[in-house]
1. Basic (Lys, Arg), surrounded by 13 or more Cβ atoms within 10 Å (Cβ to Cβ) and touching a residue at least 40 places away in the same chain (Cβ under 8 Å), is that true of LYS126?
2. Do we find that THR36 is surrounded by fewer than 13 Cβ atoms within 10 Å (Cβ to Cβ), among the hydroxyl-bearing types (Ser, Thr, Tyr) and under 20 Å from ALA182 (Cβ atoms) in this structure?
3. Conditions first: (1) touching a residue at least 12 places away in the same chain (Cβ under 8 Å); (2) basic (Lys, Arg); (3) more than 20 Å from ALA180 (Cα to Cα). ARG50 passes all but one, so which condition is the exception?
4. Among the candidates LEU44, LEU16, LEU22, single out the residue that is assigned to a helix (DSSP H, G or I), over 25 Å from GLY149 (Cβ atoms) and not assigned by TED's automatic domain parsing to the domain that holds GLU176.
5. Considering ALA283, ALA252, ALA245, which residue is within 45 Å of the chain's Cα centre (by Cα) and at pLDDT 80 or above?
6. Among (1) surrounded by fewer than 14 Cβ atoms within 10 Å (Cβ to Cβ); (2) closer than 21 Å to VAL155 by Cα, there is one condition SER98 misses while meeting the rest; what is its number?
7. Out of all the residues in the stretch 79-104, which are under 25 Å from VAL160 (Cα atoms) and not hydrophobic (A, V, I, L, M, F, W, C)?
8. List the residue pairs whose Cβ atoms are under 8 Å apart, where the first residue sits in the stretch 88-109 and is over 15 Å from PHE75 (Cβ atoms), the second is of a type in the set (S, T, N, Q), and the two are 6 or more positions apart or on different chains.
Amino acid sequence: MTTTALTPTDARHQPLSEADKLAQDAATAAQVRALTNHPDVVALRVEKVRTQIDAVIWLGIFLGLAFTMVNVQSFAAAGAATWSAGWLAGWLLDPMVSLVLVAVLRAEQVTARYQVDTGRWAHRTKWFAFLATYVMNTWKSWTHFDVAGVVLHSVPPVLVFLAAETAPVLRDKLTEAVMAAAGAAFTGQTAPAATAAPVDAPAEPATDTPDAPPAKPAPARPRRRPAARKASAKPARKLRGDYLAEARAAWAPGIEITPAWVRSVCPEISRGTSKNVADDLTAETATAPAPLPVPADQPTTSDEREAA
């Protein structure tokens, strides 16, 4: 009976066990998860979302401004003949307001990426452009009190204003998402532990050679003690009993116990607590037994008693 040995090629083609397959799946999943949460990958995805949001918002803003342009032109022309000077000048009013608004929004598009505030004048300019566009669009509808016309001509300018106010907030939140992903990645990494040689381990004996003197054992390094935690800079909060103990220690017979005196003894105490401490100390001193009077002819000290 003859036996055939397996060649390396046959061993390579052996089917994997279930444990090997699960191990490969786990390794692949861990690698994919690590790359998915990588700050650069997150930033790339956020940039794609930011580009899509900017494109959609800008499209809505330009469509809204184009819709309001016709109403603003009719408001500015005020019944002027077609192709007259007044009729042509009416077409310049809405672009004049819209271009300033677009310039402010474009600046906020860049500053929001780095979370820089554009200041109050940018917000005032947007509000003025919105109010001017809204009034010129709905003026005729308000004068004739046309509810349908007011609603119809109010939606585009209000939508443009909301888009102008919401776009910087969305860009700011997207930037915060990138920073949060980067912070989680950096804080999640653990520094590799330094492999230090044991201090108490005996030194390996050196092999003596006939030409060289025997090597002296290296002195053991002193064991490092863990650094003590720094005390918190914030002082501990004092309670009412602590203030009462300080006031009791500072009081002497003949001192009038008042909230002002308590505050002079304890400068950091509040007015309400000083009144409570003064009341407590007054009650203690009132209930304490008074010292017995000492006769004039009776010695009070040990020296006087010895002399007597």
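1. Working: basic (Lys, Arg): yes; surrounded by 13 or more Cβ atoms within 10 Å (Cβ to Cβ): yes; touching a residue at least 40 places away in the same chain (Cβ under 8 Å): no.
Here the answer is no, as LYS126 does not meet what is asked.
2. When the stated conditions are applied, THR36 passes them.
3. (3) is the only condition that ARG50 fails.
4. Numbers: LEU44 fails: not assigned by TED's automatic domain parsing to the domain that holds GLU176; LEU16 fails: assigned to a helix (DSSP H, G or I).
Exactly one of LEU44, LEU16, LEU22 is assigned to a helix (DSSP H, G or I), over 25 Å from GLY149 (Cβ atoms) and not assigned by TED's automatic domain parsing to the domain that holds GLU176, namely LEU22.
5. On inspection, the qualifying residue turns out to be ALA245.
6. If we test SER98 against (1) surrounded by fewer than 14 Cβ atoms within 10 Å (Cβ to Cβ); (2) closer than 21 Å to VAL155 by Cα, just (1) comes out false.
7. GLY90, ASP94, PRO95, SER98
8. Cβ pairs passing all conditions: VAL100/THR125; LEU101/THR125; VAL104/THR118; VAL104/THR125; ALA107/THR118; GLU108/THR118.
The values are calculated or read from the model by the stated rules, or taken from the named source; none is laboratory data. These numbers were taken from a predicted model, which means no experiment stands behind them. Reconstructed Cβ throughout: ideal geometry from the backbone, glycine too, with neighbour counts over all protein chains shown.
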